[in-house]
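Below is one structure, written out as structure tokens, with a few remarks after it.
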Amino acid sequence: MLTIRPEQMQAMGAYTRAQFEQRIIKHLRKKFPARTQDQSDQKIQFVVQAGIKDAESHGIEFENDIRRYIEYLVIYGTRLDERKQTQWIANVLQQAELDGTTKMDRIDEMELQQVRSELWED
């Protein structure tokens, strides 16, 4: 699995970084067509670039984990670690003893539990 750290991103150069960003943009358009259809590639790229930087600040380094983090930005909006509605995400992101993959796995598990509980509420 590819690990992308800030110093590695700089060393890989602008072309490689742009390729990574384009893969994420393409992925977001495919996975979230309703949320991305009215957005320009430039606007999505801005979200992706900010998301990469933010993910890295939380110790999220692997490409797959960064992709998952950015998906949460699309689903829940930006500033995941600051908003009351996403406090449950912030609580995980702030656990410095966890690596990035573990953080994203826990966030995935918590979201699945929330979705399941909402489905069974009547």
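How high is the relative contact order of the range 6-120? Use alpha-carbon pairs under 8 Å, at least six apart in sequence, and give a whole percent.
Values: 68 pairs, mean separation 21.9, N = 115.
Value for the range 6-120: 19 percent.
Of GLY51, ALA34, GLN85, which is farthest along the charge dipole of the range 6-120 in the positive direction, counting Lys and Arg as +1 and Asp and Glu as -1 at C-beta?
ALA34
Evaluate the charge dipole of the chain about its Cα centre and quote only its size in Debye, nearest 20, assuming +1 on the Cβ of each Lys and Arg and -1 on the Cβ of each Asp and Glu. Provide the component values of the computation, followed by the final result.
On the way: 18 positive and 21 negative charges, 113 e Å.
Value, rounded to 20: 540 debye.
Where is the GNM fluctuation largest for the chain (alpha-carbon springs, 10 angstrom cutoff): GLU61, GLU111, GLU97?
Among GLU61, GLU111, GLU97, the largest mean-square fluctuation in the Gaussian network model of the chain belongs to GLU97.
Based on alpha-carbon atoms only, what is the radius of gyration of the range 6-120 relative to the globular estimate 2.2 N^0.38 Å?
Numbers: Rg = 14.4 Å, N = 115, 2.2 N^0.38 = 13.4 Å.
Here the Cα radius of gyration is 1.08 times the empirical estimate.
No lab work stands behind these numbers, since they all come straight from the coordinates. These figures come from a predicted structure and were not determined experimentally. Every residue, glycine as well, gets a Cβ built from its backbone with ideal geometry; the counts of neighbours run over all protein chains shown.
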